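As structure tokens, the structure follows; a few thoughts come after it.
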């Protein structure tokens, strides 16, 4: 551990600053991939320190490059969700008392700050600190609301610790009028279809301060014409990935509102097709950023159900992502240190499913603009999606009305937990945090447990984290939920604990 800590210390305090100073972005991309997928035991204060570095580098103009920006945000997301419940209070209170304390908070990513709020809520609940014991937590929330003001839906705040819930109830954030949003999109869409001069089009739709509606316009173009004008590529290039995140938030709110107004399954089908085209054919959005943003929007009742319906459609009903998950799980195992041909499998997956980050699907083939891709040595869309899946499952648990979507998502892509860094900790946190929400939903709790068991059946022995008694319970029919263990079960459980402590 000491040798590893010294290595991580040099990585954080010496190597990364040198890479930043030298603007060696290819090396930075590789280092962040190593941090996400190869360095498995890193002390929490180093992870929080790296998070501050990432927020700093994400604001540099040179990192406003699609692939690198996505890598930085994905690494930050993994760092935040990976914080243990007992680590949150000592680490965040320590760093928030230091000079430039807000460095570990994002200045512009609402999604990352929302995930940090959810991590705070989980840590407060699991550790039993339901109230703000000190000022540091309230200061963090206040700073987040100054940088990225937002609200939460009632089904989420109902699960928050009481002090956290009260904080967001008293926070005043203006809510956007959805009908006004629709009128603005319609107005801009008419301009898009009538403007003729390319320079004017680029200047108008990429102008700083312009309402972030361009993704809405692209989606409507796909619905109406089944294609996008190549000039859209140049607009997206001018906007850049950092600002495009704001366009994505507006787009998520807009499409949910359009689904609400449609009320017709034929419209739904066409809307989903256009959305899938934006991800898989036009390469405008990545599936992980789209699902993360949609699942974190502050939507209530029918709008929330429709948002999860959209997610269900693009993850389960559409085959693009599901096929990638199936093939990845079939050909790979997480114990990369035991494999001699891991890189070959890695490259085969990328050859079968190459990722495109620069809107290649809408480029003008007569005058393509070439981008330099950064090498990808360890990651892929399936691994990148795992922390997003963690968040999505929690959002779905909060709404009883969407349980069928949750069950289907677990059945179809839950195998990704084979590659989760801490699957048992995640399961424990889920069952602990949502204990009251899951009361009376024994079949769902059993399905959550079984998802982890099935994901690891090929790489762990039976009973690796559950007793034989519980495995027998899992094999009973789904209607059998009234298992009451006898006293011998608890004796065997204590014996198993003793054997584990002894290292047997």
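The values are calculated or read from the model by the stated rules, or taken from the named source; none is laboratory data. Source: prediction; values computed, not measured. Methodologically, a virtual Cβ is constructed for each residue, glycine included, from the backbone with ideal geometry; neighbour enumeration extends over all protein chains shown.
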Could you run through segment 221-233 and say how many residues are assigned to a helix (DSSP H, G or I) and buried (at least 21 other Cβ atoms within 10 Å of the Cβ)? 3
Suppose we filter 304, 246 for residues that are more than 18 Å from residue 362 (Cα to Cα), under 19 Å from the mean Cα position of the chain (by Cα), touching a residue at least 24 places away in the same chain (Cβ under 8 Å) and surrounded by fewer than 19 Cβ atoms within 10 Å (Cβ to Cβ); which single one remains? 246
Here's a check for you: in segment 153-174, which residue that is in a loop (DSSP other than H, G, I, E, B) and in contact (Cβ under 8 Å) with a residue 60 or more places away in the chain is farthest from the chain's Cα centre (by Cα)? 158
Subset of segment 449-468, residues under 12 Å from residue 423 (Cα atoms) and assigned to a loop (DSSP other than H, G, I, E, B), comes to 456, 465
Suppose we filter 296, 236 for residues that are within 22 Å of residue 386 (Cβ to Cβ) and within 25 Å of the chain's Cα centre (by Cα); which single one remains? 296
Residue 386 fails exactly one of (1) in a loop (DSSP other than H, G, I, E, B); (2) under 20 Å from the mean Cα position of the chain (by Cα); (3) closer than 24 Å to residue 68 by Cα, namely (1)
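Being over 20 Å from the mean Cα position of the chain (by Cα), part of a helix (DSSP H, G or I) and crowded, with 20+ Cβ neighbours inside 10 Å is the filter here; which residues of segment 278-293 pass it?
Step one: filter segment 278-293 for residues over 20 Å from the mean Cα position of the chain (by Cα), giving 281-282.
With part of a helix (DSSP H, G or I) added as a condition, the list becomes 281.
Once the filter is applied, which keeps residues that are over 20 Å from the mean Cα position of the chain (by Cα), part of a helix (DSSP H, G or I) and crowded, with 20+ Cβ neighbours inside 10 Å, segment 278-293 yields nothing.
To keep it simple, each residue is scored yes or no on (1) free of Cβ contacts under 8 Å to residues at least 24 places away in the same chain; (2) loosely packed, with under 13 Cβ neighbours inside 10 Å.
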position	(1), (2)
428	yes, no
441	no, no
451	no, no
455	no, no
471	yes, no
483	yes, no
491	yes, yes
Options 263, 240; residue that is surrounded by fewer than 21 Cβ atoms within 10 Å (Cβ to Cβ) and without any contact (Cβ under 8 Å) to a residue 12 or more places away in the chain: 263
Cβ-Cβ under 6 Å, sequence separation 6+ or interchain: first residue in segment 329-344 and closer than 21 Å to residue 415 by Cβ, partner at pLDDT 95 or above and not in a loop (DSSP other than H, G, I, E, B). Which pairs? 329/415; 331/345; 332/345; 334/419
Residues located in segment 135-152, provided they are under 28 Å from residue 431 (Cβ atoms), out of contact with any helix residue (DSSP H, G or I) (no Cβ under 6 Å at 6 or more places or on another chain) and not in a helix (DSSP H, G or I): 151
